[in-house]
Structure formats: C-alpha cells, structure tokens
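Each remark here refers to the structure printed beneath this line.
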Amino acid sequence: MLNQMAMGGLVSLINFGIHALMTGLIVLATHRIAAATDELHVFARVTSLMLVTLVVLMATHVVEISVWASYYGLAGIETEKAGPFEFAFENYTALGYGDAVAGSGDRLIGPITALNGLLLIGWSVALIFEVMRMAEVQIARKSESSSSS
C-alpha cells in the first residue's frame, strides 16, 4: 500500500508539473492572442482564445494520461479487459465502468489516478474560466473606450 501511495504521488507530481508548464504556456499564448485580436469582433476574439486554450488543455490531458499508462506498463499493472492507456484513461476521468480492475495488489492505484485526474480537470476548468474572464474584461474595456469617444 505504501509503495502504491509513493509511486502514485510521484506520478501525480509529474503530472502537476506538466499541467503547471502548460498553464504558463496558455497564459502567455492567450495574452498574445488577446493583443493580436484587439480589433476583431468579439466572436472572433473569444473563439480564438477558447480554441487555443481547449486544444492545449486536451493535448495536456492526453499527455498526462500517457504518463499514467507508462507507469502502469513499467509497474506491470495489468487488467484483463483493458490495455494500459485505456485503463489509465478510464481511471483518470473517474469514468469507472468497473470492467477493468487492477490485480489485488494494485487496487489503490486506480483511485489515486482518479484523484489526480479530477484535480487536473478542475484546474483546467478554472483556467478556462480565467481565459473567459480575461476576454470579458478586455471586451468591456473596448466598449467603454468606444462609448466615451
């Protein structure tokens, strides 16, 4: 049990690091996109900001799931009904079909993966809201300047 906790914690820390790096990339990219789309219609601006944010976040989650799948493969964690990537995806998203379950000595790793996935998905939702807030603030700033002119 302690080994599963330690290794699950290590993989979680790796994924937190990946997510932090990608969050920084999204913040930089969206600020540049916001500056470059300052003169565009609101729809085009929000669409470009959200498209970049969501594509990067989806790719980030697939990478993080791959980190879990790699750990499963290296640790020899197997299921009869799913390969390592499918098993990691099911656990990461807390989908829990119940058909793919790790062996009796590795039962704790699934819930650890689910907790990691839920935290990272929540972080992504917060980031999406922040990008929308940033777009709203800049749109409001633009409307204030055009109405005062």
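List of remarks:
- Just one of (1) modelled with pLDDT of 85 or more; (2) surrounded by 14 or more Cβ atoms within 10 Å (Cβ to Cβ); (3) hydrophobic (A, V, I, L, M, F, W, C); (4) assigned to a helix (DSSP H, G or I) fails for Ala34. It is (1).
- For the stretch 11-21, the condition of being among the hydrophobic types (A, V, I, L, M, F, W, C), free of Cβ contacts under 8 Å to residues at least 60 places away in the same chain and surrounded by 14 or more Cβ atoms within 10 Å (Cβ to Cβ) holds for at least one residue.
- Per-region count, the stretch 102-117, residues surrounded by fewer than 17 Cβ atoms within 10 Å (Cβ to Cβ) and among the aliphatic types (A, V, I, L, M): 2
- Inside the stretch 75-95, residues that are closer than 17 Å to Ile18 by Cβ, more than 12 Å from the chain's Cα centre (by Cα) and either surrounded by fewer than 19 Cβ atoms within 10 Å (Cβ to Cβ) or of a type in the set (D, E, K, R) (or both) make up a count of 1.
- Filter result (of a type outside the set (Ser, Thr, Tyr), buried (at least 17 other Cβ atoms within 10 Å of the Cβ) and modelled with pLDDT of 80 or more) within the stretch 124-143: Leu127, Val131
- Any hit, the stretch 67-78, residues being more than 26 Å from Leu127 (Cα to Cα) and among the polar types (S, T, N, Q): yes
The values are calculated or read from the model by the stated rules, or taken from the named source; none is laboratory data. Because the structure is predicted, anything quoted here is derived from the model rather than measured. A quick note on method: Cβ atoms are made from the backbone with ideal geometry, for glycine too, and the neighbour counts reach across all protein chains shown.
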